[in-house]
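*Asks:* Below is a structure I'd like to ask you about.
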Amino acid sequence: MSGARIEVRSLFRAMNTDVEALVVAGPDQAEAASEALELVEHLFHQHEAVLSRFLPGSELSLLNASAGRTFHASQLLYTVVEGALDAAEATSGVFDPTILGSLIAAGYDRSFETLDLEQAETTLPIRKRTTWREVQLRRAERAIFMPAGCSLDLGGIGKGWTLDQAARLLEQFADFAIDAGGDIVLAGTPVDGGAWSIGVQDPYAPERDLMQLQRSDCAVATSTCVRRRWLRGGRSQHHLIDPRTGLPSASGAIAATVIAPSAAQAETLAKAAVVLGPGSGLRLLQREPEVEGLIVLDGGYVQTTEGLRGLQRVA
Amino acid sequence: MATQRRRGLARWLVIGISGLATAGFLGAIVNQAAVQETAAPAPVQDLSVITTQQPAPQQISSDSGSAGPQSQANGPTVVRGPRFRTRGS
């Protein structure tokens, strides 16, 4: 059959989420696609082993245990930490990887799948005492210094960074997509042509989509404070910490979806947009080149950037 | 970056072949070690047709304001389901 294309797909679990990676190519490239997808899976597991805060032996855990001393990091950890600090600077600290202490104080001290969702603890979360500005890097030595009491959470940006690196592994194919728990990178076209279609889940009604996007050659990520919630001392908590207060964000925004050139950027901007809330969050997205997005507010109201205007909701 | 390949794991790949008239394309599940096509047509998840309500007129605001919750349907219409869903973590 002349002109036929095939879709080679890999499904696996990593970083506490389901990952789907697929390549669209000619039938004669099936074996090469299969091999490339194996490398993608290996990359995810490799990065998880370095970047997870939930693995006691991960390099990130070792770094966090080294606060107050200089830590010489691998290229991977150093690069992601550097990227996280760049994102902090780009968002004026609204994204801040040093919120881990506050996150743990709020009760998120282990993988969410194993978290006690009704914690009896009644002590109030502590306010954050350190910021990203206190993390010092020396690139030549890949040295990281954090003051005592400082620790990093690279969960979101680590997954985004891994998606971006996985995309590079698939660059030899013009058409591919990788979906890691709803954070997605897209290139080229799907097997039936056209653009990739992405549903933006309604955070209030997960069975429905707020809208459908048609996109390619970009990354899409969503942050929401709806999905990962738990009770602590009878009070509802979530994992999107406002670095300005050290407490779970209460900005009036409950979710943000961002389309950006890279998954790491989409991840960090989505988180920052939720923390900033309506108005400021949207302005943050609008000022970034090649970025579009939407913010879902309390009650289901939605704000979008200019490029998403006119897209209709899917009821 | 490590390039070590891992062989022999029971991981499945799905291959779809495009260009087949109205049926969409064939699907076949193959083992990573031996990519094989099947002859039998199979439903393709990402081409599933779903029935949904007609999208309401402009529901979503720009910077200048915000819109209310979703309106009611005006009637059924058929749209194609999205290939992926972004849902946040």
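The values are calculated or read from the model by the stated rules, or taken from the named source; none is laboratory data. Keep in mind the model is a prediction, meaning the values are calculated, not measured. We place every Cβ from the backbone using ideal geometry, glycine too, and count neighbours over all the protein chains shown.
*Asks:* Please go through the stretch A:98-113 and give me each residue that is not aliphatic (A, V, I, L, M) and not in a loop (DSSP other than H, G, I, E, B), ordered by number.
*Replies:* Across the stretch A:98-113, the qualifying residues are A:T98, A:G101, A:S102, A:F112, A:E113.
*Asks:* Any idea which residue in the stretch A:171-219 is farthest from A:N16 (Cα to Cα), counting only those that are among the aromatic types (F, W, Y) and more than 10 Å from chain B (Cβ to nearest Cβ)?
*Replies:* Looking at residues that are among the aromatic types (F, W, Y) and more than 10 Å from chain B (Cβ to nearest Cβ), I get A:F173.
*Asks:* Considering only strands (runs of 3 or more DSSP E) fully contained in the stretch A:148-263, which possess at least 2 residues that are out of contact with any helix residue (DSSP H, G or I) (no Cβ under 8 Å at 6 or more places or on another chain) and farther than 25 Å from A:R283 by Cβ?
*Replies:* So the answer is A:175-180, A:196-202, A:205-215, A:229-232, A:235-238.
*Asks:* If a residue has to be facing another protein chain (nearest Cβ under 9 Å) and under 12 Å from A:A250 (Cα atoms) to count, how many in the stretch A:227-239 make the cut?
*Replies:* 1
*Asks:* Something else about it: Take the residues of the stretch A:239-253 that are of a type in the set (A, V, I, L, M) and surrounded by fewer than 24 Cβ atoms within 10 Å (Cβ to Cβ): which is farthest from A:I104 (Cα to Cα)?
*Replies:* A:A250
*Asks:* Here is a follow-up. Could you tell me which numbered condition A:I144 fails, if it satisfies all but one of (1) in contact (Cβ under 8 Å) with a residue 12 or more places away in the chain; (2) assigned to a helix (DSSP H, G or I)?
*Replies:* Checking A:I144 against (1) in contact (Cβ under 8 Å) with a residue 12 or more places away in the chain; (2) assigned to a helix (DSSP H, G or I), the one that fails is (2).
*Asks:* Within the set of pairs 6+ apart or on separate chains, which have a first residue in the stretch A:62-76 that is in contact (Cβ under 8 Å) with a residue 24 or more places away in the chain, a second that is of a type in the set (S, T, Y) and surrounded by fewer than 18 Cβ atoms within 10 Å (Cβ to Cβ), and C-beta atoms under 9 Å apart?
*Replies:* If the second residue must be of a type in the set (S, T, Y) and surrounded by fewer than 18 Cβ atoms within 10 Å (Cβ to Cβ), the pairs left are A:A73/A:T79.
*Asks:* If you go through the stretch A:43-61 one residue at a time, how many are in a loop (DSSP other than H, G, I, E, B) and in contact (Cβ under 8 Å) with a residue 24 or more places away in the chain?
*Replies:* 3
*Asks:* Identify, from the list A:S66, A:S61, A:S2, A:S10, the residue that is among the hydroxyl-bearing types (S, T, Y), closer than 27 Å to A:A187 by Cα and modelled with pLDDT of 95 or more.
*Replies:* A:S10
*Asks:* Also, I was wondering about something else. Looking at A:V23, A:V40, A:V19, which one is outside any loop (DSSP other than H, G, I, E, B), more than 7 Å from chain B (Cβ to nearest Cβ), touching a strand residue (DSSP E or B) at 6+ places or on another chain (Cβ under 7 Å) and under 17 Å from A:V191 (Cα atoms)?
*Replies:* Sole residue among the options that is outside any loop (DSSP other than H, G, I, E, B), more than 7 Å from chain B (Cβ to nearest Cβ), touching a strand residue (DSSP E or B) at 6+ places or on another chain (Cβ under 7 Å) and under 17 Å from A:V191 (Cα atoms): A:V23.
*Asks:* Still on this structure: Taking only the stretch A:171-203 into account, find how many residues are charged (D, E, K, R) and crowded, with 20+ Cβ neighbours inside 10 Å.
*Replies:* 4
*Asks:* In the stretch A:106-137, which residue that is within 13 Å of A:W230 (Cβ to Cβ) and surrounded by fewer than 12 Cβ atoms within 10 Å (Cβ to Cβ) is modelled with the lowest pLDDT?
*Replies:* Ranking the candidates gives A:A120 first.
*Asks:* I need every pair where a residue in the stretch A:148-160 that is in contact (Cβ under 8 Å) with a residue 24 or more places away in the chain and at positive phi has its Cβ under 8 Å from the Cβ of a residue that is part of a helix (DSSP H, G or I) and crowded, with 24+ Cβ neighbours inside 10 Å, sequence separation at least 6 or different chains.
*Replies:* none
*Asks:* Given the criterion within 30 Å of A:E171 (Cβ to Cβ), away from chain B (no Cβ under 11 Å) and of a type in the set (S, T, Y), identify the matching residue among A:T268, A:T257, A:T222.
*Replies:* Within the list A:T268, A:T257, A:T222, the selection yields A:T268.
*Asks:* Hey, another quick one. Does any residue of the stretch A:281-294 turn out to be basic (K, R), outside any strand (DSSP E or B) and either touching a residue at least 24 places away in the same chain (Cβ under 8 Å) or within 14 Å of chain B (Cβ to nearest Cβ) (or both)?
*Replies:* Looking for residues that are basic (K, R), outside any strand (DSSP E or B) and either touching a residue at least 24 places away in the same chain (Cβ under 8 Å) or within 14 Å of chain B (Cβ to nearest Cβ) (or both), one finds at least one in the stretch A:281-294, hence yes.
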